[in-house]
């Protein structure tokens, strides 16, 4: 059974578990639904709403946005009550979990308020735009005794899961080169039509922090945190405050080297690509499709894994709306199951911190011209 299957397998019904203000009756095989709220109604919020709608035992109960008209329109399409006062929403006893989908630089503020109000949280990537803020969020979750889960749906695809299993089995031998490439395109309107994308204060960066962070997270989840990064960033095409083009050299503790290339300046946009190579094998992943799978010691089933095929996770090489729903659905279902059973979520705040730590190190390296070690976890 894969790590994903293990994490999502079964739901305990023998014990009464707190779900917001409701409880599971051990004699009732159908526990009360977990009420979700969505805070922020931008593009990604629709994925959360659809994920909630397709998750048994979950229901969208409330929606909030600073612009009341947007919340009303969103609720009319996806359900839930539009609530113009966040404080009022967070006091609702029928809401047990909150999906945070506001601009990245506001994630910490909203998440901490929700946690302190006794709600569990599923927060979009990046968890926040600095590791210092992420550490404050983690501490708030610990104080509140609530779950803080993060959205890194690329880990959940079949291709990524197969690659993780092969690495854990040692099939690559000594790793030599482990790299990620996110050569995407965003049209001018993507930035000009937004008040926060590409800004330092609310996006926390450009192509690295917003788009490539999925690949950065996937790479470190597969092969470990790099010990040093050396990076350069440029703003080549778009009129934005932060970078639209970046490249970095990575050194891993196992001795392997790697490269990260990230851009929103590469028309028409290419698929997110990861390459893992070692002395005994090579694998290439594109938008969760394995397009190369070759090992010195073949195993039964290798021919099926190496056929590529359809990806339920999808990609956003030229269109941010082109990602699939399945990743978000799995994460909503995971949070619901974590609330019911008391187990940790698949991707918690400490896991989500790693990618931001790597990108922070890249930005510092670009500013100083020196190799930088990503910061370790906070208290």
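Annotations for the structure displayed:
- Residue that is touching a residue at least 40 places away in the same chain (Cβ under 8 Å) and closer than 25 Å to residue 328 by Cβ, where the choices are 290, 276: 290
- Scanning the range 25-40 turns up no residue that is on the phi < 0 side of the Ramachandran plot, in a loop (DSSP other than H, G, I, E, B), surrounded by 21 or more Cβ atoms within 10 Å (Cβ to Cβ) and not assigned by TED's automatic domain parsing to the domain that holds residue 195.
- Residue 289 being in the same structural domain as residue 207 (by TED's automatic domain parsing), under 18 Å from residue 154 (Cβ atoms) and out of contact with any strand residue (DSSP E or B) (no Cβ under 8 Å at 6 or more places or on another chain): yes
- Which listed residue is surrounded by fewer than 14 Cβ atoms within 10 Å (Cβ to Cβ), at pLDDT 90 or above and either out of contact with any helix residue (DSSP H, G or I) (no Cβ under 6 Å at 6 or more places or on another chain) or under 19 Å from residue 218 (Cα atoms) (or both), from 283, 262, 296, 277: 296
- Residue list for the range 107-117, restricted to those being touching a residue at least 60 places away in the same chain (Cβ under 8 Å) and under 22 Å from residue 340 (Cα atoms): 114
- When residues of the range 299-313 are limited to those that are surrounded by fewer than 18 Cβ atoms within 10 Å (Cβ to Cβ) and within 22 Å of the chain's Cα centre (by Cα), the one modelled with the highest pLDDT: 312
Listed here are the residues, each with its yes/no results for (1) farther than 30 Å from residue 295 by Cβ; (2) modelled with pLDDT of 95 or more; (3) out of contact with any strand residue (DSSP E or B) (no Cβ under 6 Å at 6 or more places or on another chain); (4) surrounded by 17 or more Cβ atoms within 10 Å (Cβ to Cβ).
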residue: 146; (1), (2), (3), (4): yes, yes, no, yes
residue: 161; (1), (2), (3), (4): no, yes, yes, no
residue: 169; (1), (2), (3), (4): no, yes, yes, no
residue: 177; (1), (2), (3), (4): no, yes, no, no
residue: 191; (1), (2), (3), (4): yes, yes, yes, yes
residue: 221; (1), (2), (3), (4): no, yes, yes, yes
residue: 231; (1), (2), (3), (4): yes, yes, no, yes
residue: 238; (1), (2), (3), (4): yes, yes, yes, yes
residue: 245; (1), (2), (3), (4): yes, yes, no, yes
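- Only one of 343, 367, 353 that is surrounded by fewer than 20 Cβ atoms within 10 Å (Cβ to Cβ), modelled with pLDDT of 95 or more and part of a helix (DSSP H, G or I): 367
The values are calculated or read from the model by the stated rules, or taken from the named source; none is laboratory data. As the structure is a computational prediction, the values presented were derived from the model and not from experiment. All Cβ positions, even for glycine, are placed from backbone atoms using ideal geometry, and neighbour counts span all protein chains on display.
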